[in-house]
Each structure stands twice: as C-alpha cells, then as structure tokens.
1. Could you give every pair whose Cβ atoms fall below 6 Å, whose first residue belongs to the stretch 226-254 and is under 25 Å from residue 130 (Cα atoms) and in a loop (DSSP other than H, G, I, E, B), and whose second residue is among the aromatic types (Phe, Trp, Tyr) and modelled with pLDDT of 75 or more, counting only separations of at least 6 or pairs across chains?
2. Identify the single condition in (1) assigned to a strand (DSSP E or B); (2) surrounded by fewer than 13 Cβ atoms within 10 Å (Cβ to Cβ) that residue 197 does not satisfy, given that it satisfies every other one.
3. Looking at this structure, is residue 436 modelled with pLDDT under 85 and surrounded by fewer than 20 Cβ atoms within 10 Å (Cβ to Cβ)?
4. Can you give me the number of residues within the stretch 376-398 that are surrounded by fewer than 18 Cβ atoms within 10 Å (Cβ to Cβ) and in a loop (DSSP other than H, G, I, E, B)?
5. Residues to consider are 420, 406; find the one that is out of contact with any Ser or Thr (no Cβ under 8 Å at 6 or more places or on another chain) and either free of Cβ contacts under 8 Å to residues at least 12 places away in the same chain or under 19 Å from residue 338 (Cα atoms) (or both).
6. Would you point out the residue of the stretch 399-421, among those that are of a type outside the set (Asp, Glu) and at pLDDT below 85, that is surrounded by the fewest Cβ atoms within 10 Å (Cβ to Cβ)?
7. Cβ-Cβ under 6 Å, sequence separation 6+ or interchain: first residue in the stretch 382-397 and without any contact (Cβ under 8 Å) to a residue 24 or more places away in the chain, partner of a type in the set (Gly, Ala, Ser). Which pairs?
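The values are calculated or read from the model by the stated rules, or taken from the named source; none is laboratory data. Quick caveat: nothing in here was measured; it's all calculated off a predicted structure. Counting neighbours? That spans all protein chains shown, and the Cβs are built from the backbone with ideal geometry, glycine included.
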Amino acid sequence: MPQIFKASDRRRASDALDLITKASIAINKHQPFYSNVFNSMTRVASDDIDTMGVRFKDGSPIFVYNRQWVIDNLGEQFARAAILHEIEHIVRLHPVRLAKYINGDTSAKYHKLWNYAIDMAVNGDLLTAGHRVDPMWVYPSCMGYSNGLTAEVYFKQLLQDSKGGSGGGGGLGGLDGANQFDSHDWTSVEISKDADGKTKIKSSKKPLTKADIDIINENIGNIIKDAISRAPGDVPAHLKKEIDAILEPPKIDWRVKLKSVVGKAETTRSKRSIMKRNKRYNYFGARGRKKQRKRAICVAVDVSGSVSNEVYVDFMKEVNGMVDDMTNVYIVQADHGIQNISKYEQHSKPEDLLVRHGYGGTSFVAPLKFSCGSVDEEDYVYPEVYEEAMRIIHAFGRFDIIIYLTDGYGDNPPKFPIKTVWVTTEAEPSLYGEIIKLEK
C-alpha cells in the first residue's frame, strides 16, 4: 500500500526535521564531542511520544521526538539545548543510574524525584556552561540548590525537602511551574511502520533488566570512547570527571594485587551436601561436607577535608577495579568518624560511587574497629549509619581484610587484629600492614 501523507503532515515533518538538522549542524560546529555522540544515535520522529526523549533498541540509544511538539515548544531558539540535554542523559548513564538507584522501588514519588534530580544535574551544568536554555526548565536554583552536583545528591536533597511543607507536594513548591519537558520513559522499544507509513514506537513498558543494563553500559561506553577519539580535548569540563570514572581503568591492577595480598584472608564455611562423599561414613545417603569460601572485604575511604575531589574520584576508580569479581564488599566512608556504609553490588558502576559524604578531620580508628567487628555508637556520625553497622556485623561478625584508601595524613592507630592494606596518595605514614603508593 502506498504511503499516504496529508500536505500538513509533510510540512510539519519537514519543519521539525529542519529544526533538528540545524541544531545538529550547530552542535557539530561548536561542540564536536556532543555531535559525535548524537550522530551515533538513530533519530526517529513519531506521534507515539508526546515530547522528545531517549529510548533503547537492542541496547543502543535512539533519539525520538514528536514533530509538532518540537515546532511548538522549541523552535530554533532552544532546539540545540534540548538535544544537548538528551545527549547528557546518555553520557551520564542516567537511564542506568535510575534503574540502580531506585531498584525495586516502583513508587511514583521516587521516580518523580529522580527525574527532577537528573534534570537539575543536566540543566544546571548547561546553564553554567553558557548554553541558551529555556528559563522555564528545571534547575537547581528552583529549590535553592547549587549547580554542579550529581543527580544522586539532588535526589537526596529533594527527598529530604519533600518531607517538609504542607499538602501532597511536601516542600517542593519551588518546582511549581517548572517545565520538565522531555520524556524519561527509558525502556526498550520496537520500531515499525503502520499501514499509512507512519512510524510506530512500541515500548516494552518493563524496567530495564540487568542484562539490558550490561548491554547499554557497554554500548554507551563504546559511543563515548569513539566520540572522544574523534574530538580529543573537546569533552565539556563538567563531564570529564564522570566520564573518566566510567572509562579510565584503575591505576593498580587489583586483581593481581589482591590475589597475593589477601592470600588466606578467606572465611571458610561448609555445609552438608549429598553431592560430597562422607569419608568417615562411606555408605549411600551419608552426606559429606562441602566447603564454601566467601570473602568479606571492608574498603575504607578517607573523605576528610585534606582529600581533594580529584583524589576522591581516583579512590573510587580503584574501588571499582578492585571489587568487580568480589562478593560481600562494603564501602565505608570516614573522616573523623564513619559517615556512610554501603554494600558494593557487582553490577555497580563508578558513577554510583561518586556521592561523597563528609569533609571533616581524619581518624583511622573507627573503620578499623568496624572491620574487626566492634561497633561503638560514638564512632558514627549519624544514628542510621550506626544501625546499619550493627546489622552488618550481626551478619558477618567481622571482615577478613580491610583496604584503606587515604592520602596518608591522620593519626597512627593502634594495631588491630585484621589483615590491613593501606593505599596512599601523598604521605608515607608509619602504619602497620602493607602500604601501596597510588601513583597519580
């Protein structure tokens, strides 16, 4: 059947395509890095989306937009910034971070706050970089926040503020009237043509699975690498740290180092199994004992005021390279006391670890005590962190090894009965255990 278009459809499609094309040419001229990312994405115009956004097909990002919405709401004035907005969501892995950050929680409130948070992170940086953006979009200033923070930080601030105020919206009145213009329905889609030749987008309407996330991470990582190779030196300053954390390999080969350092630092457990022959009672049905080896590792990170953001990001790269294949790994952020404890999941990405807690003085004692199974409430900055520590120690008893990432400036703690590895960037403290110098 021949494709049937009304004259208005042809004109609308042409006008919208012209706007997207002109904006793309301007981006290519002034921001080659963004242009390389955008050119790697398939562009699809469809009435099945109300505004514009990013979807995934076979793990690769595609740019989708509604023709009439582009004409009515963007025009030449804001089309360029809107495209940069979508590119930033992809480069920052916001779709994956959404799936990780609120994994298992389908409440509309959390999704809404997360969507506000990622728009604040993107729009605030675009505004700071001098791009021509719509003043009605969502910005950190809507809530009195500072520009330049991560989506996770904005999310926590919004979550806290949402508990205040009156009415169903809590204390988020600053967002009244703000235009969250794009669609954040990050799902896998199928693309087809209907009988009239119009493009149809069918969403799976299911959250991204771990398999989806792994494929998306790989594809976006390759897109970023290719974009950097084609436009070296053109990566925007506000994206460099996040991209470096995603792409730069750890400076220490922890897979080799841990194999030699950890050695026998394993907890050996066993269970009875019919699959294992009982050497003492060798008759049918007698269950033998099967060994289970599980390693509990505590990674303590110095987040004191003497540790710069650059060094902190370096620390997080090492954590990511160190624990990819490990289980039961806990990240402890500490300065004068323990600020935060979180479990490292195997599918985590470096950007999930960039949220920093604490800028106080330095004391190494609290994390060492925690790793040995000792929990004192005075060592913890927040009650909820103390409660989390109690839960972890109740589950594990104690850790098998602690790896402490620090700039080396702090007290010299007494020796604790646990295998200890210090990774330092500056000072060479006189500490027990093994000391590894992290080269900058």
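1. Partner pairs satisfying both residue conditions: 231/33; 234/33; 235/33.
2. (1)
3. Yes, satisfied.
4. 4
5. 420
6. 414
7. That search, which allows pairs on different chains as well, returns 393/373.
Okay, residues lined up against (1) assigned by TED's automatic domain parsing to the domain that holds residue 216; (2) of a type outside the set (Ser, Thr, Tyr); (3) within 24 Å of residue 22 (Cβ to Cβ); (4) modelled with pLDDT of 85 or more:
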residue	(1), (2), (3), (4)
80	yes, yes, yes, yes
88	yes, yes, yes, yes
114	yes, yes, no, yes
122	yes, yes, yes, yes
126	yes, yes, yes, yes
151	yes, yes, no, yes
164	yes, yes, no, no
